1. Taking the condition of being polar (S, T, N, Q), modelled with pLDDT of 85 or more and over 17 Å from the mean Cα position of the chain (by Cα), how many residues in the range 140-166 meet it?
2. Within the range 134-169, track down each residue that is open to solvent by 20 Å² or more (accessible area, probe 1.4 Å) and polar (S, T, N, Q).
3. Among the residues of the range 81-116, write down those that are farther than 19 Å from residue 171 by Cβ, modelled with pLDDT of 65 or more and polar (S, T, N, Q).
4. When residues of the range 1-22 are filtered for being more than 19 Å from the chain's Cα centre (by Cα) and open to solvent by less than 90 Å² (accessible area, probe 1.4 Å), how many remain?
5. Working only within the range 133-154, note down all residues that are part of a helix (DSSP H, G or I) and more than 20 Å from residue 96 (Cβ to Cβ).
6. Considering every residue within the range 68-84, establish whether at least one is within 11 Å of the chain's Cα centre (by Cα), surrounded by 15 or more Cβ atoms within 10 Å (Cβ to Cβ) and touching a residue at least 12 places away in the same chain (Cβ under 8 Å).
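The values are calculated or read from the model by the stated rules, or taken from the named source; none is laboratory data. Keep in mind it's a predicted model, so treat the numbers as computed, not measured. Please note: Cβ atoms are built from the backbone with ideal geometry, for glycine as well, and neighbour counts cover all protein chains shown. Just the protein is used for accessible areas: all its heavy atoms, side chains included, with ligands, DNA and RNA removed. Shrake-Rupley method; radii C 1.70, N 1.55, O 1.52, S 1.80 Å.
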Amino acid sequence: MKKTKIYLRIFWVALVLIGLTLFFLYPERFTHNSLSAFVKENSTKIFSTYIGICLIRGLFLLPSTPFIFAGVLLFPESPWTVFWISMFGIMTTAIYLYFASKFLEFGKLFGQKHNAKKTKIIEKLDKHGFWVVLGWSFFPLVPTDLICYIAGSIRMNFLKYISAIFIGESILVACYIFLGEGILKLF
């Protein structure tokens, strides 16, 4: 498992470096007009790829925000489609992380030494779990994946958990798409 994580990180860094290298070697291919033409010529393939990436991005614990903005840029005429694809990917990841948290052994972070801390978190999530998860998933500066792990490892009520994720992320994704679209129109 540890080697897999190392290989995934190397792969991710390599992709970023390749992307940056291509950007600096061929800047003319990264202009708005050339990217628009490329998207129009390959819209079906790009759309299918976008859906696939949104579904698997959570397996690599990549944040959804860049992919939402990519969807806004790639499909400016379909903001609701981008919204629903993004939400489907986010919810798929949230369900996976909730149920995989025991397998991924997130609970070990609390360990035997941190029983008091674990008990306190469990009590708060039992009492205010819906609101904690909703607030966490709406707040853009914290990774939603973390609260998914925590909720899954302590076995928070699944219905409360998943509905809080859906509401919080729906608001955040809608803000990204519809406010982001307005901001992009200024440029």
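1. Of the residues in the range 140-166, 1 are polar (S, T, N, Q), modelled with pLDDT of 85 or more and over 17 Å from the mean Cα position of the chain (by Cα).
2. Of everything in the range 134-169, those that are open to solvent by 20 Å² or more (accessible area, probe 1.4 Å) and polar (S, T, N, Q) turn out to be 144, 153, 157, 163.
3. 101
4. 7
5. Within the range 133-154, 135, 138 qualify.
6. yes
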